[in-house]
Amino acid sequence: MAFSASNHEPQTGERHIDEYSLGDYEIAGNVKYTQDKIDREEISSADIPNRRMEAPPLVRVMTQEDRVRTEKALLRKIDLRLLPMIILMYIMNYLDRNNIAAARLAGLQDELKLTSVQYQTSVSILFVGYILMQIPSNLLLNKIGMPAIYLPSCMIVWGTISAATAGIHSYGGLVTVRFFLGFVEAAYFPGCLFFLSSWYTRKELALRTATLYSGSLISGAFSGLIAAGITSGLDGVKGLRAWRWLFIIEGVVTIGIAMAAYLILPNFPRTTKWLTEEERQLAVWRLQEDIGTDDWVSSEQQSFWHGMKLACLDIKMWILMTMLFGIVASGSVTNFFPTVVKTLGYNNINSLLLTAPPYALAVITTFANAWHADRTGERYFHVVLPLCVGVFAFVLAAATTATAPRCAAMMLMVPGVYTGYVVVLAWISNSIPRPPAKRAAALAAINAVSNSSSIYTSYMYPQSAGPRYKVAMAVNCATIFLAICMATLLRVILVRLNKKLDRGEEVEGAVAVGEGVPGEAAKKGF
């Protein structure tokens, strides 16, 4: 809600509203207020009607310089405690999910006597479990409010399942293990997205999301290197083929990292014990400033199904879901990247080694793009332009069998898809900021449906379709085009909503409402 104060005249001692950092108290417009007037105003909340947006005591007494200095120190503290561990956890999450691609070249398909279709089914079945559990898991995480316990516990379970894959001897056993691996791994990525959005403001989120997703890109780079080392050094040791050692080693490492995560990860700002009281109040208050209402307060205030209902009624969720579906569908090439790279004609070891450079390039482009998106506050072009590079890469790969152009295409495939992908992930929390139960449901639903594409895309890369994989590359181009169309539609809708906010009209889910000040909604709206 906005305040109506068009006739208010400045008085001696009053401050311009811009002097309050980040648009304090959700007041927009070129109007001046005394501190007493601000304290008396009541602001409606998404959760509690007529709740006052009043800074907590230890934040209220800070000068502007103190606030800036304290907030910088707080951000450094949060970054150091949160980001390294969740990146490491995500590296293992992605490795345990996608190491089947490397295991194929390390002898899994031959030893289990799998047909091409059976192998593809083993890949796709993981995403059935992955989809089924994402929404319930995120709603449960929001309800209990203990990510420092919940996420590492899930990690221990999936690490155990991953290591147990080394003991299977049949196609049925492989399918069963893969289904339950996906079922448990589903908790992590959407949970982490919600976790980050509960600590960082919208302007900080894209870079942190890119930092998180760099874990999957780094794991993609190291997966081939690790698999190459295990294949060349452990094949036949203790009577086990290399692919079995691959699952054992990576599963055990996953469990060890999960044990360490119990000691390092925070919960939500209100419930994290290693913050001082001043830091805790500031951590909570800066999120209240950013989204116009309290974020996660307590488990009693969280509703499983109310959040899901709110998310389903928001058209923005469905547009973002379709957009991400298109991107993830085209990115499914990474599930078969070693097989695609092998069409260049190199042996298994060299093919695994050659999968690393495209992921290394993707880490660089993803960070640069997300940093610039946060700095400028722009999302649309930071999503669409990288996708255009992806289309070029897929067309080039399908159009020729010459080695040099195909190498260039494979170098651009991964950056072309995932450079914009992480910005879309931040765009979700930016566009659906509150209440937290709605944001948690939207993040999980969007991620779940987008990953459903991995069920059918697994069948688009049979070895018989190589080396050009024309059908797969054509479908990838089509799904990227779909994503670009959805990004354009979302941009149009958000521009219209921000214009309504600039006119002082109320918009459901808006962070702030302008008082006829052009551009105010662009800073505080969607």
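The values are calculated or read from the model by the stated rules, or taken from the named source; none is laboratory data. Treat the numbers as computed from the prediction; the structure is a model and nothing was measured. Cβ: placed from backbone, ideal geometry, glycine included. Neighbour counts: every protein chain shown. The protein model used for the area step is the full one, side chains on, heavy atoms only, and it has no ligands, DNA or RNA in it. Shrake-Rupley method; radii C 1.70, N 1.55, O 1.52, S 1.80 Å.
General remarks:
- For region 231-285, residues that are closer than 26 Å to residue 162 by Cβ, under 29 Å from the mean Cα position of the chain (by Cα) and β-branched (Val, Ile, Thr) total 8.
- Per-region count, region 383-397, residues touching a residue at least 24 places away in the same chain (Cβ under 8 Å), open to solvent by less than 30 Å² (accessible area, probe 1.4 Å) and farther than 13 Å from residue 344 by Cα: 6
- Cβ pairs under 8 Å, 6+ apart, first in region 474-498 and modelled with pLDDT under 95, second outside any helix (DSSP H, G or I) and aliphatic (A, V, I, L, M): 497/507; 497/510
- The combined condition, being over 25 Å from residue 234 (Cα atoms) and among the basic types (Lys, Arg), is not fulfilled by residue 113.
- Of the residues 320, 310, the single one that is at pLDDT 75 or above, open to solvent by 20 Å² or more (accessible area, probe 1.4 Å) and assigned to a helix (DSSP H, G or I) is 310.
- Filter result for residue 135 (of a type in the set (A, V, I, L, M) and open to solvent by 30 Å² or more (accessible area, probe 1.4 Å)): yes
- Hits in region 220-258 - residues which are open to solvent by 60 Å² or more (accessible area, probe 1.4 Å) and not in a helix (DSSP H, G or I): 235, 241
- Filter result for residue 280 (in a helix (DSSP H, G or I) and open to solvent by 40 Å² or more (accessible area, probe 1.4 Å)): yes
- Cβ-Cβ distances below 8 Å connect no pair with a first residue in region 248-260 that is over 20 Å from residue 227 (Cβ atoms) and free of Cβ contacts under 8 Å to residues at least 24 places away in the same chain, a second residue that is open to solvent by less than 50 Å² (accessible area, probe 1.4 Å) and assigned to a helix (DSSP H, G or I), and a separation of six or more residues or different chains.
- Extreme residue, nearest to the chain's Cα centre (by Cα), among residues of region 369-402 that are assigned to a loop (DSSP other than H, G, I, E, B) and under 20 Å from residue 494 (Cβ atoms): 379
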